[in-house]
Amino acid sequence: MWRSIAFSVVLLLASARVLAGDGFAGIEDLLRLDRDSNYHIQLSPDSSMLAVSDSGALMVIEPANGSAVADVGPGFVPTWSPDGRYLAFYSERSGDTQLWTWEKSTGDTRQITEFEGGIDPEPSTSSFGYGRGAFRLTWSPDSRSLAFGSRLRGPVRQAEGQCRACPTPEGKPVYFQQIFIVHPDSPERDMTQLTHGDRTHFTPGWAKDGRHLVYVVVQKDKLTEGEVETQIVAHDVRTGGITRVTRGPGVKTFPKVSPDGTRVAYIQGDHVLGPNALHVASLPTGGSTRVGGPDRRIFLFDWSDDEGIYVVYKDGPSMPLAELKLDTSDLRWITDRNALVGVTDVSSSRNGGVAWLQEEPSLSWSVHVARDGESPKVVLQAPKPTEIGFGSAQLVSWRTEKGYWKDGSVLLPPDFKPGTRYPLIVDAYTTRSGADWTSPLGGNQAWAAAGYVVFRPSPRAPHSWTNPWKADSDNIVAKGPRGWDVAVDEVMSGVDHLIATGLVDGNRMCIFGHSNGGNVVLEVLTRTPRFRCAVAVAPAGSNMVRLLMNDGWDPSILYDNHELEEYLDDYIAMSPAFRLHLVQTPILLAAGERDGDFYLNSLEAYHRLKRRGKDVELLRYPDQGHLFRGAALRDFWVKMSNFLERHIGSAAIASGDQGYQESAAR
């Protein structure tokens, strides 16, 4: 029996209630509601079934009435066969990651691969698809074969002259991802290796003719953030012949074959992290055309029919879903384009149905389904919080000191009272969504429930200028050392706007940041003493530290691929670590000791501040990475909550000033 409509929520402590200071609560709600990137949905070809998976469970439901059909058990990335008979998925139930199938008519599940060491996609290919995009798999049109990608770690037979683990010059083995085909209904569940060699191959998709399998191939030996060229090819599985579908420079990714099998849509950009656009090419010989549509970064897409494509794109604080008509480039919005909503997965069927997963300020996740010509309906949604009430979030717009309009979002306490000035927490993470407010390491509903207004200015910054916001031209203004002027302006002018509206108390403000946001916190503190306190968790920190790491991050992609030695002064200017002697604000640092260079960045910041006699504390958590889990997360929340309470309080103070109004609108 299906566990409940909240199947995706794992109760980490059954009825525990974490209190800090004068009754701060809500962390358990965040732990229950915090969604992760493992969610995946897929609508069956006839729209009669919907598979929904998260990190711990795979369910099949009937969208028509929301009733459960099957609890398939542990599994992720569900994929229906074209005939609707099977649901393929990955699962670790046998001890490592293998492919399994669930048969709709019998309810039987069975393991169909025995990949030695488990199926192991190249992690860097996840950059080309939301969540578990690296695990993409595809059925042949006759529903008899499955294709997937994995690195080689076992004794899989290679073509003559090919190495299984080609060593680097330093003698380290490099396992290149290859494409494999398995036949679930064959007596021995035969598996063949389609590709070979010292190149990474990923995201396969079958053409309708059943002969050609399209996939992406990396032109260099290894995929990196600075990659400037990948190609899509059509591989004839009968003859072995390979035809290039795309040509020329540019990173082409995530190919999806049209329903009629004559074309393939894909995303193309100058490099992995840069701006992108949707393209369509003919099969199998190629000849591509850039598709019109929104001047925004495309995150997800799926064909709606032979002449239309569903697209999810970044539009400031929102990620809406729209249908793009190829002949006219017109957009038909499926979600409200003016609402704070984030669509995180989309799936279409052959008969005009579409399903999508979305988050919004008062609902951490919900699954929507619409059939052709019908209004959408919610078929699944997150449970309500048990400890706290949820506040409302609003889009806020203001004119910066530099004279342009900026969008962000603000979260109000659930019992918000106009005419009251509230203490403020600024979540400084760069280009952050205005829809997700349940993350324990970001601005969230628990803070709002404790009496804080939470503000996301979503600044652009030099260490993350490649992150999308709106039009591609909007991102480039933050590139290079002068990008810090942009980031600080967007944070502080937004804060001043909220003070001017009467919403927040300018004498009780704290700034918080995790990762990229932590780096913004450090830079802002070097320029202003206006915040009473600051919290920086695993700050991105110094470019110098990252360069010292073995196989570390290469920051040149953030600066037009110029090497460090060419622009040393600029690289130093891009790191706030060299200006921490200017900080006057009490600061709480926190990091996991297994967080690589982020941990080193935290140590560097702590010692630089401590050496100058600054008011700084460092929380170090063994066995924790970039995201805290379990007891460490709870401990951090208690200590952080006490830190906030000590410096800015938590209860709003009544004021005679006019309360916050919708004057933020342009």
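The values are calculated or read from the model by the stated rules, or taken from the named source; none is laboratory data. Keep in mind it's a predicted model, so treat the numbers as computed, not measured. All Cβ positions, even for glycine, are placed from backbone atoms using ideal geometry, and neighbour counts span all protein chains on display.
Taking segment 470-515 as the search range and keeping residues that are among the small types (Gly, Ala, Ser) and in a helix (DSSP H, G or I), which one is surrounded by the fewest Cβ atoms within 10 Å (Cβ to Cβ)?
My answer is SER473.
Yes or no: ILE267 among the aliphatic types (A, V, I, L, M) and more than 28 Å from SER397 (Cα to Cα)?
Yes: the conditions hold for ILE267.
Determine if segment 340-351 includes at least one residue that is hydroxyl-bearing (Ser, Thr, Tyr) and without any contact (Cβ under 8 Å) to a residue 60 or more places away in the chain.
No: segment 340-351 contains no residue that is hydroxyl-bearing (Ser, Thr, Tyr) and without any contact (Cβ under 8 Å) to a residue 60 or more places away in the chain.
Confirm whether THR466 is assigned to a loop (DSSP other than H, G, I, E, B) and modelled with pLDDT under 95. Walk me through how you get there before you give the answer.
Details: assigned to a loop (DSSP other than H, G, I, E, B): yes; modelled with pLDDT under 95: yes.
Spelling it out, THR466 is indeed assigned to a loop (DSSP other than H, G, I, E, B) and modelled with pLDDT under 95.
Out of ASP54, ASP71, ASP83, I need the residue that is surrounded by fewer than 16 Cβ atoms within 10 Å (Cβ to Cβ) and in contact with a Phe, Trp or Tyr (Cβ under 6 Å, 6 or more places away or on another chain). Which one? Give the steps one after another, and end with the answer.
On the way: ASP54 fails: surrounded by fewer than 16 Cβ atoms within 10 Å (Cβ to Cβ); ASP83 fails: in contact with a Phe, Trp or Tyr (Cβ under 6 Å, 6 or more places away or on another chain).
From the options ASP54, ASP71, ASP83, the qualifying one is ASP71.
Output the residues belonging to segment 356-393 that are surrounded by fewer than 17 Cβ atoms within 10 Å (Cβ to Cβ) and farther than 29 Å from LEU58 by Cβ.
GLY373, GLY389, SER392
Give the number of residues within segment 195-222 that are in contact with a strand residue (DSSP E or B) (Cβ under 7 Å, 6 or more places away or on another chain) and over 21 Å from SER124 (Cα atoms).
The qualifying residues number 6.
Tell me which residues, restricted to segment 318-345, are surrounded by fewer than 20 Cβ atoms within 10 Å (Cβ to Cβ) and not aliphatic (A, V, I, L, M).
Selection gives GLU323, LYS325, ASP327, THR328, SER329, ASP330, ARG332, TRP333, ASP336, ARG337, ASN338.
Among the residues of segment 598-618, what is the count of those that are crowded, with 20+ Cβ neighbours inside 10 Å and touching a Phe, Trp or Tyr at 6+ places or on another chain (Cβ under 8 Å)?
Qualifying residue count, segment 598-618: 1.
Output the residue which, of all residues in segment 217-231 that are of a type outside the set (D, E, K, R) and modelled with pLDDT of 70 or more, is surrounded by the most Cβ atoms within 10 Å (Cβ to Cβ). So that I can check it myself, show each step before the final result.
Here is the first cut: in segment 217-231, the ones of a type outside the set (D, E, K, R) are 217-219, 223-224, 226, 228, 230-231.
Those still in the list that are modelled with pLDDT of 70 or more too: 217-219, 228, 230-231.
Working: VAL217: 20, VAL218: 23, GLN219: 14, VAL228: 17, THR230: 25, GLN231: 18.
Top of the filtered list is THR230.
Which numbered condition trips up GLY261, out of (1) more than 25 Å from THR466 (Cβ to Cβ); (2) buried (at least 22 other Cβ atoms within 10 Å of the Cβ)?
Going through (1) more than 25 Å from THR466 (Cβ to Cβ); (2) buried (at least 22 other Cβ atoms within 10 Å of the Cβ) one by one, GLY261 breaks only (2).
Exactly one condition in (1) part of a strand (DSSP E or B); (2) modelled with pLDDT under 95; (3) under 25 Å from PRO82 (Cα atoms) is not met by GLN358; state its number.
Failing condition for GLN358: (3).
Residue-by-condition table, conditions (1) farther than 24 Å from LEU627 by Cα; (2) among the aromatic types (Phe, Trp, Tyr); (3) at pLDDT 95 or above; (4) not assigned by TED's automatic domain parsing to the domain that holds MET492:
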| position | (1), (2), (3), (4) |
| --- | --- |
| VAL379 | yes, no, no, yes |
| ILE388 | no, no, no, yes |
| SER397 | yes, no, yes, no |
| ASP407 | yes, no, yes, no |
| THR420 | yes, no, no, no |
| VAL426 | no, no, yes, no |
| ARG432 | no, no, no, no |
| ASP436 | no, no, no, no |
| GLY451 | yes, no, no, no |
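Identify, please: which residue in segment 633-666 is surrounded by fewer than 18 Cβ atoms within 10 Å (Cβ to Cβ) and of a type in the set (A, V, I, L, M) and is, among those, modelled with the highest pLDDT?
Ranking the candidates gives VAL638 first.
For segment 272-300, name all the residues that are surrounded by 22 or more Cβ atoms within 10 Å (Cβ to Cβ) and either modelled with pLDDT of 95 or more or under 18 Å from HIS368 (Cβ atoms) (or both).
Passing the criteria: only LEU300.
Of all the residues that make up segment 294-319, how many are within 18 Å of LEU283 (Cα to Cα) and assigned to a strand (DSSP E or B)?
5
Quick one: how many residues across segment 383-409 are closer than 27 Å to ILE27 by Cβ and without any contact (Cβ under 8 Å) to a residue 12 or more places away in the chain?
The total comes to 1.
Restricting attention to segment 173-196, which residues are under 14 Å from VAL237 (Cβ atoms), hydroxyl-bearing (Ser, Thr, Tyr) and assigned to a loop (DSSP other than H, G, I, E, B)?
Answer for segment 173-196, where residues must be under 14 Å from VAL237 (Cβ atoms), hydroxyl-bearing (Ser, Thr, Tyr) and assigned to a loop (DSSP other than H, G, I, E, B): just THR195.
Output the residues belonging to segment 361-384 that are assigned to a strand (DSSP E or B) and either among the acidic types (Asp, Glu) or touching a strand residue (DSSP E or B) at 6+ places or on another chain (Cβ under 7 Å) (or both).
The answer is LEU363, TRP365, SER366, VAL367, HIS368, VAL369, ALA370, LYS377, VAL378, VAL379, LEU380, GLN381.
Quick one: which strands (runs of 3 or more DSSP E) lie wholly within segment 39-112 and hold at least 2 residues that are assigned by TED's automatic domain parsing to the domain that holds MET191, polar (S, T, N, Q) and under 19 Å from ARG189 (Cβ atoms)?
Details: elements: 40-43, 50-53, 58-62, 67-73, 76-80, 86-91, 98-103, 109-111.
So the answer is 98-103, 109-111.
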